[in-house]
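Input: a single structure, listed below in structure tokens.
What follows is calculated from the coordinates using simple rules that are stated; it is not laboratory data. Owing to the predicted nature of the structure, the values given are computational and were not obtained by experimental measurement. Here the Cβ is made from the backbone with ideal geometry for all residues, glycine too, and neighbour counts use every protein chain on show.
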Amino acid sequence: MKQISKAESEARINLAACYRLMPLFGMSDLVYNHITTRIPGTSDEILINPYGYMYEEVTASSLIKINIKGDVLSNPHPEYDINQAGYVVHSAVHAARHDVECVIHTHTRCGMAVSAMKDGLLPLTQTAMRFKDIAYHDYESVAIDMDEQSRLVADLGSQDAMILRNHGLLVASSSVAEAFNAIYWLEMACRAQVDAMASGATLNIPSQAIIDKTYYLYQPSVRRPFGILEWPAMLRYLDRRDSSYRE
């Protein structure tokens, strides 16, 4: 790969790390799904995984660079393309939300289960209350139609997380670190809800005042932007197991 900037190199390492972390925490789906990050200093260049790689195979140098229009700017393995659904969803968010650096989309078992529930995500746990105002986007079949982009970004609005009904989960954050933290907590909230509902027990939902207070306390400007503090520990977690994501 030709010489790249230090900022792009760091972005590649962080994105590759995020890909490697996803299967370790049960949030991957064979070779499907996608995570993108905007290359620092650019408004329209993003990195995405080669379609056909499992997440555990992704490295910093294997990531494909594209622009918002879908043009491939660099691809170290031309035999692999990008996932069209990934391009449609991610480019829409990156184009509409300049505050967003990283977008993660998943098809986890519990994420899909909650996406199929009419009431969506319930404020059953502290973790779920972080997403009190989560957005929703109705299912329109496999996301390969460009005209769905306008409806998707309209539904997302200014939120940092969205449930794609009958489909899965999506988070949009200002860094890879914050995005991984958001999708991890959203996934945990979905797992807890599925487990609680499956138990058959009567569910206890806190008062609206407590839900609102908890949501407030999770806002990035109130205590801290969640994910930044945690990210170095996540990189160490990976490095103890396999540091090849950095290559």
What ranking of Leu63, Leu229 emerges when the number of other C-beta atoms within 10 Å of each C-beta is taken as an exposure proxy, fewest first?
Leu229, Leu63
Report the Cys residues of the chain lacking a disulfide-compatible partner, meaning no second Cys Cβ under 4.7 Å from their Cβ.
Cys18, Cys102
Tell me, what is the FRET efficiency for Ser5 and Ala198 to the nearest 0.05, using R0 = 51 angstrom and their Cβ-Cβ distance as r?
0.55
Let me have the 222 nm mean residue ellipticity of the chain computed from DSSP H runs of 4+ only, each contributing -39500 (n - 2.57), with the sum over all residues rounded to the nearest 500.
-12000 deg cm²/dmol
Just to be sure I understand: of the beta bridges DSSP finds with both ends in segment 24-72, what percent are antiparallel, rounded to 5?
90
Formal net charge of residues neighbouring Gln159 (Cβ-Cβ distance under 13 Å; K, R +1; D, E -1)
-1
Sticking with the crude label model, points 7 Å out along Cα→Cβ, report the distance from Tyr80 to Leu229 in nm, one decimal please.
3.5
Near Lys118, which lysines are there with a Cα under 17 Å away, not counting those fewer than 8 places off in the same chain?
Lys132
How charged is the neighbourhood of Arg224? Take every other residue with its Cβ under 11 Å from the Cβ of Arg224, and add Lys/Arg as +1 and Asp/Glu as -1.
-1
Between Asn166 and Ser43, what is the label-point separation in nm under the 7 Å Cα-to-beta-carbon projection?
3.8
Would you order Ile68, Ile205 from fewest to most other beta-carbon atoms within 10 Å of each residue's own beta-carbon?
Ile205, Ile68
Given charges at beta-carbon only (K, R positive; D, E negative), |dipole| of segment 6-240 in Debye
760
Just going by the charge dipole of the chain, with Lys and Arg at +1 and Asp and Glu at -1 on Cβ, which of Ser43, Leu238, Ser174 is farthest out on the positive end?
Leu238
Under a 5 Å amide H to amide H cut-off, with H placed in plane at 1.01 Å, what residues pair with His34 once short-range neighbours are removed?
His105
